[in-house]
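Below is one structure, written out as structure tokens; comments come after it.
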Amino acid sequence: MTFFKIIFNRAFAKHLGIAVLVGILVILLTFWVLNLYTRHGKGFAAPDFTGLTEQQLEHLIQENELRYAIIDSAHINELPPGVVIEQTPKAGSMVKKNRNIFFTINAWTPEKVQVPDVIDYSIRNARVMLESFGLEVGKLIYVPSEYTNLVLGQHYKGKPVEAGTPLERGAVIDLIVGQGLSNRTTAVPDLKGLYYDEAKQISQDLSLNIGAQIFDSTIVSREDTLKAFVWKQRPSGSGDSRLRLGSSIDIWLTVDSSYIMSDTSKVDTAETPEQEFSEEPVEEEDLNEEEFF
């Protein structure tokens, strides 16, 4: 039987047709199974788990037939320990059932860092080193010394702290600084219009401290304190005012820009009802307004 006779044989054509049909059915079945397995087109928006504890999010996970894993932690002072601070995929992203949601939670205990040794450093270098370790510079405490503006000691909560001591990230370290053998003074900087952190850094660069921080009624939340700026200070930064090294400057903070308008009459008017804004020395009972620092 020749090749062409075999091709056009009815039995051969029948088997070939069956084979093609079976192949098509296999392909269609494969696509149908894949579609069923992946639930194509049946995704939904991922819930927002931010701020929930693990116990609270478990119900939401089960309700949406999802899975989860906690993969990391970080410490944020303003948030309760154990709550979700970040999720992947993010809230609102399209996900399907049985998808794994990965969480970063707020650590139950603050991160610890070791205190560096800043003794015999200048104030500026000591601050840079402490901040690089995640610590903050608190007060500058001046003592008589033949060395001026040299760090002679470091204190935590009023007590000496040795290098290598583990402390919570963000802890405040006070520095004992040499004042020299004379009553040296420095010019009072004009801090008006500066944010708190800027005012603190400029003051410390001049070997001065920030004293009382008095917030007005426009500041009602933690976020407001971050945006607050100095609208008044005592002693004033204008003129030839000078202070001894280690002295403090009291500051008033607000988020109302009208307080620093060039029209000083508006500021004077704003001060009239409040006796505590007078130029008399600040007494303990005068500082009843909220202090966030």
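Selection of strands (runs of 3 or more DSSP E) fully inside the range 143-212 by the criterion of at least 1 residues being within 30 Å of the chain's Cα centre (by Cα) and within 27 Å of TRP252 (Cα to Cα) returns 148-156, 172-179. The strands (runs of 3 or more DSSP E) found wholly in the range 15-134 and carrying at least 1 residues that are of a type in the set (A, V, I, L, M) and without any contact (Cβ under 8 Å) to a residue 40 or more places away in the chain occupy 67-74, 84-88.
The single condition among (1) buried (at least 16 other Cβ atoms within 10 Å of the Cβ); (2) touching a helix residue (DSSP H, G or I) at 6+ places or on another chain (Cβ under 9 Å) that GLU136 does not satisfy is (1).
Determine whether VAL143 is under 22 Å from GLY211 (Cα atoms) and surrounded by 18 or more Cβ atoms within 10 Å (Cβ to Cβ). For VAL143, the condition - under 22 Å from GLY211 (Cα atoms) and surrounded by 18 or more Cβ atoms within 10 Å (Cβ to Cβ) - is not met. In contact with an Asp or Glu (Cβ under 6 Å, 6 or more places away or on another chain), surrounded by fewer than 15 Cβ atoms within 10 Å (Cβ to Cβ) and of a type outside the set (A, V, I, L, M, F, W, C), is that true of ARG124? Against the criterion (in contact with an Asp or Glu (Cβ under 6 Å, 6 or more places away or on another chain), surrounded by fewer than 15 Cβ atoms within 10 Å (Cβ to Cβ) and of a type outside the set (A, V, I, L, M, F, W, C)), ARG124 does not qualify.
Residue-by-condition table, conditions (1) at pLDDT 90 or above; (2) among the charged types (D, E, K, R); (3) within 21 Å of ALA126 (Cα to Cα):
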| residue | (1), (2), (3) |
| --- | --- |
| ASN183 | no, no, no |
| THR186 | no, no, yes |
| ASP190 | yes, yes, no |
| GLY193 | yes, no, no |
| ALA228 | yes, no, no |
| SER247 | no, no, yes |
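Per the conditions (1) buried (at least 20 other Cβ atoms within 10 Å of the Cβ); (2) in contact with a Ser or Thr (Cβ under 8 Å, 6 or more places away or on another chain), the sole criterion not satisfied by LYS200 is (2).
The values are calculated or read from the model by the stated rules, or taken from the named source; none is laboratory data. These figures come from a predicted structure and were not determined experimentally. So basically every Cβ, Gly included, is an ideal-geometry build from the backbone, and we count neighbours across all protein chains shown.
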